[in-house]
Each structure stands twice: as structure tokens, then as C-alpha cells.
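Shown next, in C-alpha cells, is the structure this report addresses.
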Amino acid sequence: NEEVVDWAKGHAAIPEEITDLLQKNKIDGPKLLTLSHEGLKEWGPDAMNIVIKAVCDFQTENKYIEVFIDHDEYDFRMIIEQLLRKVLSKDAYQPLSLPDINKTWNGSFMETVDYYFPGEMAGLIWEKTVRCIDVQNAGVMGVNGIYTLSGTVDGVSAYRKIGIRNEQEVEFSILRCIMRSKQKWWFISIVPKDMEPGQDTDTDFYRGPVSLEHNDFPPEGTWITKKHGIDP
């Protein structure tokens with residue numbers, strides 16, 4: 001890691017903020033080697049050309065070092081662009097949102113970010129707290145709409161919105177629950193007031209699987225219809 005940091009400090013084109021991130025995240029030669037894609041030359045900025053040259057130097061010096069994570073050059077390109085955007089935008093900078101990522105990148109992007117920026121540092125690249133979820137195309141019309149962050153259930157964020165069901169105003173929830181089998185699922189339900197979610201008293205409309213990679217977020221698709229749900 002010291003070699004990488006010393007290299008970054010020695011190049012005026014690399015902002016100090018990025019050098020600090022390299023040091024904090026202990027980016028060493030093997031990790032930097034994963035940047036050695038021909039496609040990175042498309043980045044354009046002088047700072048990126050310096051990165052490419054340095055990566056080639058590392059590759060020459062460390063020919064037999066193994067890379068321990070699958071990676072995509074597009075993911076790295078966007079990570080660096082976000083870091084540069086943060087440096088240039090300063091206080092106006094906004095991390096990528098999960099909906100933006102789902103629309104633009106494949107599933108490897110968040111995995112790559114979390115690998116190189118573990119823990120809270122990943123929040124520099126993408127907003128790990130999803131503040132609202134837009135549900136569309138559900139067969140039960142009252143289920144559709146914007147759900148906002150509202151507390152936690154099962155140790156992860158839960159989301160709620162007010163809607164109409166049977167001509168009455170009710171609270172719809174998106175939350176993760178543990179079943180009696182100890183298996184975890186995401187549900188879109190109505191939870192009776194003053195009751196713990198995940199009980200037989202819930203009115204369940206749809207159920208979604210828990211992702212192995214990011215089990216603290218509801219799935220974007222693959223929801224199935226439950227007892228009170230209606231297919232789209």
C-alpha cells in the first residue's frame with residue numbers, strides 16, 4: 001500500500017483526496033493491477049493516463065500476482081469518474097443512488113465498490129441507504145406508489161406508504177421478515193397497528209427473495225403473488 005500511496009503522491013495530476021482514499025482503503029499493487037484493462041484508455045483525462053501507466057509499471061513488477069475478484073472495466077471507469085466528480089463538486093457531490101445503478105450497471109458494480117471501498121467508505125460512490133422505493137405494475141393498485149424509509153425491521157431498512165384498500169386508508173409496508181423456517185423474505189404487506197410484522201395477522205400481497213450479495217435491499221424484480229395479491 002505504501003508503494004501505491006507514494007506513487008499517487010508523486011503525481012500532481014492525481015488529486016490529494018484520491019490519494020487519501022487509496023491510503024485509507026489500503027489499495028496495494030495487486031488491487032491496482034485489476035485496473036490494467038486496455039479499455040481504461042478511453043477515460044481521457046490526463047490523470048487516468050497516469051493511472052494506466054502506473055498500472056503497467058505494477059504489472060511489469062508483479063507478473064505473478066493473482067487478482068482475487070472478478071471485475072469489469074466499465075465498473076472501474078465509473079468508480080474513478082465518481083471520485084473525480086466528488087473532488088470537482090465538493091459539497092455539491094451526490095453519490096449514485098441504487099435505482100440509478102440498477103438502470104445502468106450490472107450486478108458486479110456494487111460488489112466491486114464494496115470490495116475496494118469496504119464498509120462506510122462505499123458510501124462515497126453509491127448511497128447505501130435507499131430513502132424511497134417506487135413500486136409499479138402491481139395488480140393490487142393500492143400497492144403501487146412511492147414508499148419512504150421508515151425505521152428498521154429485522155435489522156434492515158423498512159419502507160412504508162399510505163394507500164387505499166377497500167375504501168379505507170391503510171399503511172402498506174415493504175419489509176424483510178424471518179419465517180419459522182429461519183428463511184428470510186421480503187414482503188409487501190399491511191401490518192396491523194401495534195403488531196410485530198411477520199405474523200399470520202399480516203395481509204401479504206407479494207413476496208420477494210433476499211439477494212445473497214445485497215440482502216439489505218428489496219429485489220428489483222422476481223416478486224411472486226401471495227394470498228391477497230393480484231398478478232400484474
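The values are calculated or read from the model by the stated rules, or taken from the named source; none is laboratory data. Note that the structure is a prediction, hence the values are computed from the model and not measured. So basically every Cβ, Gly included, is an ideal-geometry build from the backbone, and we count neighbours across all protein chains shown.
Some points to look at:
- Filter result for Gly151 (modelled with pLDDT under 95, in contact with a helix residue (DSSP H, G or I) (Cβ under 8 Å, 6 or more places away or on another chain), small (Gly, Ala, Ser) and assigned by TED's automatic domain parsing to the domain that holds Thr203): no
- Restricting Phe117, Phe68 to residues that are among the aromatic types (Phe, Trp, Tyr), over 22 Å from Val210 (Cα atoms), at pLDDT 75 or above and not assigned by TED's automatic domain parsing to the domain that holds Asp202 narrows the list to Phe117.
- The set of residues from segment 144-195 being outside any strand (DSSP E or B) and at positive phi comprises Asp154, Gly155, Asn166, Glu167, Lys182, Asp194.
- Complete set of residues in segment 203-232 that are assigned to a loop (DSSP other than H, G, I, E, B) and among the small types (Gly, Ala, Ser): Ser211, Gly221, Gly229
- Residue selected from segment 142-171 under the condition closer than 30 Å to Lys24 by Cα and of a type in the set (Gly, Ala, Ser), by the criterion surrounded by the most Cβ atoms within 10 Å (Cβ to Cβ): Ser157
- Of the numbered criteria (1) touching a residue at least 60 places away in the same chain (Cβ under 8 Å); (2) surrounded by fewer than 15 Cβ atoms within 10 Å (Cβ to Cβ); (3) not charged (D, E, K, R), the one Ile133 fails is (2).
- Screening the candidates Gly198, Gly123, Gly139 for the property of being exposed (fewer than 15 other Cβ atoms within 10 Å of the Cβ), assigned to a loop (DSSP other than H, G, I, E, B) and touching a residue at least 12 places away in the same chain (Cβ under 8 Å) yields one hit, Gly139.
- Here Glu220 passes the criteria (1) exposed (fewer than 14 other Cβ atoms within 10 Å of the Cβ); (2) among the acidic types (Asp, Glu); (3) farther than 29 Å from Thr112 by Cβ except the one numbered (3).
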